[in-house]
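Structure, as structure tokens:
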Amino acid sequence: MLESLQAQIELVERRRQFVDQALLAREEVAQYGLIYDADEVFSYIQARLAGKQIKRPSPTQL
């Protein structure tokens, strides 16, 4: 029983941290207005993993 409660407490704490990080990211976007296109970021990461030299994606104004 105690192990189950401890597991639930840890889960709640991880969820809270996730939400806190998401809210912080939202505030940063609102403050600076800069975002990255997810498709460009994924393509960049895949190219780098394949050993290719590729230009980093640029942030765009929201």
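Here, each number is a calculation from the coordinates, and none is a lab measurement. None of these values were measured; they are calculated from a predicted model. Using ideal geometry, Cβ is built from the backbone for each residue, glycine included, and neighbour counts are taken over all protein chains shown.
Applying both filters, DSSP loop and at most 14 other Cβ atoms within 10 Å, to the GluC sites (Glu not before Pro) of the chain eliminates every site.
Applying a DSSP loop filter and a limit of 16 other Cβ atoms within 10 Å to the chymotrypsin sites (Phe, Trp or Tyr not before Pro) in region 19-60 leaves TYR36. For Rg/Rh (Cα atoms, Kirkwood Rh), computed directly from the structure shown, the correct entry in (1) 0.98; (2) 0.95; (3) 1.24 is (3).
Exposed loop sites, defined as trypsin sites (Lys or Arg not before Pro) outside DSSP H, G, I, E and B with at most 13 other Cβ atoms within 10 Å, are absent from the longest region of the chain, namely 1-51. The slack between LEU24 and LEU2, meaning 0.36 nm per residue of separation minus the straight C-alpha distance, is 4.6 nm.
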